[in-house]
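What follows is one structure encoded as structure tokens, with my remarks underneath.
Derivation of every value follows stated rules applied to the coordinates shown; laboratory data play no part. Because the structure is predicted, anything quoted here is derived from the model rather than measured. With ideal geometry, Cβ positions are generated from the backbone for all residues, glycine too; neighbour counts draw on all protein chains shown.
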């Protein structure tokens, strides 16, 4: 209707395409003009491995081609559409997708599917463990749709305290302090961030299928141990 370009950021979520159980969450993505997908995130491919997929054939060459005659001759003995350099801004670049191809050959689609499903199961396990646990508060309502589990740890000193600007300021400092103690003790690494008017919260992202439920249990206990006296 408005002749807009619809782009989908599938940097994390694109990996769900490998899972028959979860790919329905990407229903409609085929309607996008372009999609970004970073296999180095959810898929575990070594950095860096990113892709942009476009629906319209030839558009990347049309946008980026410099038609450098000294590089890309049209009369080569092979199909010159395989020359990717004239389709990208960088021209000369690493063949980053080769790492993904090697992993796909080694693991297969079924292997990647198991990888994705396991990470989603672990994220669900974490969510189920903390959603009603004392001292934890979910940042967003509802079950997480991916492996991002966002939560606040509320130390005993802030539990039952009426919401106020002062309480929010104190809560804002909790996650960074716990993260610093985690790093100093060498036990775990979990990211944190604010979001809009929401103060710092933990954003646990499970992307390694080697993680176990025991690891998740340890994480919860460690957060409580380090944050109890804040």
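Here the peptides 73-85, 99-111 are ranked by packing, the mean other Cβ count within 10 Å, and the order with the highest first is 99-111, 73-85.
Subtracting the Cα-Cα distance of residue 105 and residue 143 from their residue separation scaled by 0.36 nm leaves 10.3 nm. The sum of -39500 (n - 2.57) across all DSSP H runs of n ≥ 4, divided by the residue count of the chain, sets its helix-only mean residue ellipticity at 222 nm to -10500 deg cm²/dmol. Pairs of Cα atoms nearer than 8 Å and 6+ residues apart set the relative contact order; for the chain it is 17 percent. Label zone (residue 25, point 7 Å along Cα-to-C-beta; backbone nitrogen cut-off 20 Å) within the stretch 95-111: 109-111. Note on residue 203 and residue 97: the extension gain reaches 35.4 nm, defined as 0.36 nm multiplied by sequence separation minus the Cα-Cα distance.
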